[in-house]
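The values are calculated or read from the model by the stated rules, or taken from the named source; none is laboratory data. All figures in this text were calculated on a predicted structure; none of them were measured in a lab. Positions of Cβ are generated from backbone atoms using ideal geometry, with glycine treated the same way; all protein chains shown enter the neighbour counts. Remember, those area values only see protein heavy atoms, side chains included, never the ligands or the DNA or RNA. Shrake-Rupley method; radii C 1.70, N 1.55, O 1.52, S 1.80 Å.
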Amino acid sequence: HQTPVASGRTDKDLHALRQVAHIDIPDFWKDLYKLQRMLNRHLHPYIHIKDIIQVEEKFHARFSAIMRHYRYIISHESYQPWLADYCHFYPAFDTNVCNEILKLFLGEHDFGLFKKIGSETKSDIRTIYEAKAYTYQNFTIISLKGTSFLRSQVRMMVASTLAVLEGKLSIEALKEQVDAQHSHYKRLAPATGLYLCR
């Protein structure tokens, strides 16, 4: 009996478009496409396996990953129950201003003040390569790429960015938190808007 090992753990209600997992399978599964069809029959409708490929023995879904890409989807439409599980409803805002705030997260930082209490990690140092917002139709998408992320880090980064946009948190206070000097804001953006996309 084997348990799949995924590239990362996610909070309840998050989504993944390209989650990677590895597992050792018995030799009699020569036809991987048939295995994929059989698994999808049992996993649908909430999980769908896009591909099963054979990898090198040393491959590890979590530790072989060199970067993770998350998107946070914000809808500026009026509330729609059928979309409630898939985005965060929030008033429209200036993405240029949002991008200035998001620049604070770029680079290598100690993100210890951007994780859920009770998270055990050897190091809270993480590198963020991309932090930007863009619009698509009546949505704003916040895109974050990094080496890896602490537990609930992305949701806390998004929530604090929105708090600055609302005037509930100053840009100086957010900078202090990014610099691991002082914790000012610990709220989380709703999980429903967050997607591990690659």
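Exactly which chymotrypsin sites (Phe, Trp or Tyr not before Pro) in the stretch 30-128 are in a DSSP loop and have at most 14 other Cβ atoms within 10 Å?
Values: sites: TYR33, TYR46, PHE59, PHE63, TYR70, TYR72, TYR79, TRP82, TYR86, PHE89, PHE93, PHE105, PHE111, PHE114; in loops: TYR46, PHE59, PHE63, TYR79, TYR86, PHE93, PHE111.
Listed in order of number, the matching sites are TYR46, PHE59, PHE63, TYR79, TYR86.
Suppose a student asked you for the relative contact order of the chain, using Cα pairs under 8 Å spaced at least 6 residues apart; what percent would you report? Provide the component values of the computation, followed by the final result.
Numbers: 324 pairs, mean separation 55.9, N = 198.
Rounded, it is 28 percent for the chain.
Report, ordered by chain and residue number, the aspartates and glutamates lying within cross-link reach of LYS175, taken as a straight Cα distance under 15 Å and ignoring same-chain residues fewer than 8 apart.
GLU100, GLU108, ASP110
To make sure I understand the rule: partners must be lysines, Cα under 23 Å from the Cα of LYS122, and not fewer than 8 residues away in the same chain. Which ones qualify?
Output for LYS122: LYS58, LYS145, LYS186.
GluC sites (Glu not before Pro), restricted to the stretch 1-92: which are DSSP loop and have at most 10 other Cβ atoms within 10 Å?
On the way: sites: GLU56, GLU57, GLU77; in loops: GLU56, GLU57, GLU77.
Those that pass, being in a loop and sparsely packed, are GLU56, GLU57.
Fully extended, how many nm does the chain gain between LEU165 and ASP51 (0.36 nm per residue separation, minus their Cα-Cα distance)?
Working: separation 114, 0.36 × 114 = 41.04 nm, distance 4.02 nm.
Going from the current span to full extension adds 37.0 nm.
Could you pull out the trypsin sites (Lys or Arg not before Pro) across the stretch 93-166 that fall in loop regions by DSSP (anything but H, G, I, E, B) with no more than 11 other Cβ atoms inside 10 Å?
Numbers: sites: LYS103, LYS115, LYS116, LYS122, ARG126, LYS132, LYS145, ARG151, ARG155; in loops: LYS115, LYS116, LYS122, ARG151.
Here the trypsin sites (Lys or Arg not before Pro) that fit, given the DSSP loop and packing criteria, are LYS122.
Per residue, how much accessible surface does the stretch 116-173 expose to a 1.4 Å probe? Answer in Å², no decimals.
Working: 2820 Å² over 58 residues.
Per-residue accessible area for the stretch 116-173 comes out at 49 Å².
Do you know the relative contact order of the stretch 130-198, to the nearest whole percent, from alpha carbon pairs under 8 angstrom that are 6+ apart?
Working: 55 pairs, mean separation 17.1, N = 69.
Taking the mean separation of contacting Cα pairs over the length of the stretch 130-198, I get 25 percent.
Give, in nm to one decimal, the length gained when the segment between HIS42 and ASP85 is fully stretched (0.36 nm per residue of separation minus the Cα-Cα distance). The partial results should precede the final answer.
On the way: separation 43, 0.36 × 43 = 15.48 nm, distance 2.21 nm.
Contour length minus the Cα-Cα distance gives 13.3 nm.
Looking at TYR90, TYR70, ILE23, which one has the Cα that reaches farthest to the positive end of the dipole of the stretch 1-124 (charges on Cβ: Lys, Arg +1; Asp, Glu -1)?
ILE23
Quick one, can you get me the convex hull of the C-alpha atoms of the chain expressed as volume per residue in Å³? Before the final figure, lay out the partial values.
On the way: hull volume 28.0 nm³, N = 198.
Taking only Cα atoms, the chain has a hull volume of 142 Å³ per residue.
Excluding ligands, DNA and RNA, what is the solvent-accessible area per residue of the stretch 1-113 at a probe of 1.4 Å, expressed in Å²? Can you show the working numbers first?
Details: 8500 Å² over 113 residues.
So the stretch 1-113 comes to 75 Å² accessible per residue, rounded to a whole number.
If you take the charge dipole of the stretch 48-117 about its Cα centre, with +1 on Lys and Arg Cβ and -1 on Asp and Glu Cβ, which of ASN99, ALA61, PHE114 is farthest toward its positive end?
ALA61
Run the accessible area of the chain with a 1.4 Å probe and give the carbon-and-sulfur part as a rounded percent. Let's see the in-between values first.
Working: 6650 of 12630 Å².
About 53 percent, which is the carbon plus sulfur part of the accessible surface.
With contacts defined as alpha carbon pairs under 8 Å and 6 or more residues apart, what's the relative contact order of the stretch 47-163 in percent?
Working: 158 pairs, mean separation 35.4, N = 117.
With pairs under 8 Å counted, the relative contact order is 30 percent.
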